[in-house]
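The values are calculated or read from the model by the stated rules, or taken from the named source; none is laboratory data. Predicted model only: the values in this text are computed from it and were never measured. Note that each Cβ is placed from the backbone with ideal geometry, even for glycine, and that neighbours are counted across all protein chains shown. Only protein heavy atoms, including side chains, enter the accessible area calculation; ligands, DNA and RNA are left aside. Shrake-Rupley method; radii C 1.70, N 1.55, O 1.52, S 1.80 Å.
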Amino acid sequence: MSASSEISLINFYVVNTNLSYAEGEEEKKILYFWPPETDLDTQMKNVGLSEAIIKFTETFNPGKPCEALHTQKTRQLYHNPEKGFWIVMTINLPLVTRSASNSYSGGTTLVWGEEEVQDRVFLGVLRHAYRTFCLFSGSFTSLVEKGRSKVLNKGAGDVDDHYYLLRSRLDHFFSLYLNQSLRLNHADLLEVFQGVSFLPLDRRSFLRVRCFLSRAEEDVDWVLRKSGLNADETQVLYRYLVGSLLPAHLEGTELQGGSIPRHGRYPPSSSHYGRFVTGPSNLCDGAPIGKMPLVFVNPQVPKQNASEGKNNFGVLESEKSKNKEEPFHLLVYRALSATLCLLISDTYSLTLSDFREIDAALGPGLTSLASQVAEMIGGGLAPASPTTPSSAHSSPASSSSPASASPGFGPHLPPPIIHGSSGPRFLYFNRLNLAVKSSIHLDSRGVGNVAVTRDVLMMLADINTDLRGYPFNTYETERNDNHHDKSLQKRIQPSYKSVSAEIMLNTESDVWVVGKLSDQREFYVVLCQKNADLMTVNEEVKRLCDSQFKCIFFHE
């Protein structure tokens, strides 16, 4: 089976179903619609159908909103991130070539590939789009509140005016994001996990990283934000860093002659290899400071001790919703293969002198640290792949252009590559700390650089769906704070139970695909070994666990 056409976006829109208007003004419920050239009548028909489906499905399962609608040629996905707000994405199913089973001549036929579009994967794409918007613009509710405050200050009273700021931000953000960053044809299981690749370090190297971070916090204490990031923010920041910012920055650096020579862009006395990825392009007298992107994050209370109800990011789950978003400038600094991100209060205006002070404080230490870590992992001084952070605190940034305050979702994408290999490939994910490790994906940019075929990637997603539906596997359930019935909100809270399960599949091409669920860890193996039996495959999986995850316990 091979695809004869690609998955493409048909429409994408944001609506507020709680808004009520007089007859003839229903279009004001539509906060954003793509493509923008769609006539109003078509927009209203699409939104009306979506509202009808949402309300109809509530009758059968009030505690869980509708997520997907399957038709012969399309797939429509729904996301209800905030009370009353719905994000809807419609994509077309690709045409695939299949053997005609009822044909005596052995011919082929074109059919709509329903299995090519997996709900779980593309819901992950939709959720990530919303989270990225919140990072760079704030939540929908906060933008409505800001718009309401501005309208009231002007003495206006039309409720529609309260949404003008949200409409403006949605149009500005998604007009870029949908055209440059939505990679539907390369979406796979990583869209579901949204994990973070951690760089394994020995004890000495890890202590060096911690010591450097402590010194850096003291040296630039006058501008730093004093709190942590929650899991969602960490995921989005990391994804933006490895998927857009650093690849674009490294590409520009190579065009300018590499990362080591300064070429007069920094003061001649500078003896390190650090430079700002966001902020000023150089620190010479009279150089423009540029603009750092603005991000919106929730202040978090650091964890004092380990207790039930707290995640590994040290934040009480109940505290997230109580905190209001605060704007911060995102300053990204890089030396060799190490990247450091600083969140700076938007009330503080940095001068060129401040940037020089930050450069002097961070440059030598980060250059030395990057060299030591590279030596430890055998990489020398060569810059590491932008998809692998060089410390546990490497976090994402924003625009690759210092002169722009908007996040740059640049296309900088190489052509997809599929690398064949007879050796085993694996994918590991830990929900507790969001750690992901994969030899199936050769980078974390989501551009199709994988070591297996598309069919195997879809099979992995199918196994993941089956494992998540395993009895008592309740950690997948999410609290629905948007529902009006408080009893239903409480009813669907997860009750944790330890579970383990395993699924083994063998394809027609003699490829074995194995999925293991152990507590909140998931482990997937792809093994290309002809004439292998279950015992052989099981032994190979155990060997892989022992060699790659010695300190991790898997239930048998």
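Can you confirm whether segment 413-422 contains a residue that is open to solvent by less than 30 Å² (accessible area, probe 1.4 Å) and modelled with pLDDT of 55 or more?
Taking every residue of segment 413-422 in turn, none turns out to be open to solvent by less than 30 Å² (accessible area, probe 1.4 Å) and modelled with pLDDT of 55 or more.
Residue-wise test of (1) touching a His at 6+ places or on another chain (Cβ under 8 Å); (2) open to solvent by 40 Å² or more (accessible area, probe 1.4 Å).
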| residue | (1), (2) |
| --- | --- |
| 44 | no, yes |
| 77 | no, no |
| 84 | no, no |
| 96 | no, no |
| 117 | no, no |
| 124 | no, no |
| 127 | yes, yes |
| 135 | no, no |
| 138 | no, no |
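Checking the structure you have, find out if any residue of segment 66-73 is farther than 22 Å from residue 131 by Cα, of a type in the set (S, T, N, Q) and more than 28 Å from the chain's Cα centre (by Cα).
Yes: one or more hits.
Could you list, in sequence order, the residues of segment 328-362 that are over 30 Å from the mean Cα position of the chain (by Cα) and polar (S, T, N, Q)?
Within segment 328-362, 351, 353 qualify.
Taking segment 168-183, which residues are under 16 Å from residue 130 (Cβ atoms) and part of a helix (DSSP H, G or I)?
The answer is 169, 170, 171, 172, 173, 174, 175, 176, 177, 178.
Residue under question is residue 199, and the condition is that it be buried (at least 17 other Cβ atoms within 10 Å of the Cβ), over 15 Å from the mean Cα position of the chain (by Cα) and not in a helix (DSSP H, G or I); does it hold?
For residue 199, the condition - buried (at least 17 other Cβ atoms within 10 Å of the Cβ), over 15 Å from the mean Cα position of the chain (by Cα) and not in a helix (DSSP H, G or I) - is met.
Given the conditions (1) open to solvent by 30 Å² or more (accessible area, probe 1.4 Å); (2) in contact (Cβ under 8 Å) with a residue 60 or more places away in the chain; (3) in a loop (DSSP other than H, G, I, E, B), report the number of the one that residue 221 does not fulfil.
(2)
Are any residues in segment 428-464 among the hydroxyl-bearing types (Ser, Thr, Tyr) and touching a residue at least 24 places away in the same chain (Cβ under 8 Å), and if so, which ones?
428, 438, 444, 453
Is segment 344-360 home to any residue that is closer than 17 Å to residue 234 by Cα, of a type in the set (A, V, I, L, M, F, W, C) and surrounded by fewer than 22 Cβ atoms within 10 Å (Cβ to Cβ)?
yes
Which ones in segment 23-42 are of a type outside the set (Ser, Thr, Tyr) and surrounded by 18 or more Cβ atoms within 10 Å (Cβ to Cβ)?
Passing the criteria: 29, 30, 31, 33, 34.
Looking at 452, 447, which one is at pLDDT below 80 and outside any strand (DSSP E or B)?
447
Filtering segment 3-46 down to residues that are outside any strand (DSSP E or B), touching a residue at least 40 places away in the same chain (Cβ under 8 Å) and among the hydrophobic types (A, V, I, L, M, F, W, C), which residue is nearest to residue 112 (Cα to Cα)?
Ranking the candidates gives 7 first.
Does residue 439 satisfy the condition of being out of contact with any Asp or Glu (no Cβ under 6 Å at 6 or more places or on another chain), under 19 Å from residue 548 (Cβ atoms), open to solvent by less than 60 Å² (accessible area, probe 1.4 Å) and modelled with pLDDT of 90 or more?
yes
Restricting the search to segment 46-73, which residues are open to solvent by less than 30 Å² (accessible area, probe 1.4 Å) and not aliphatic (A, V, I, L, M)?
Result: 50, 63, 66.
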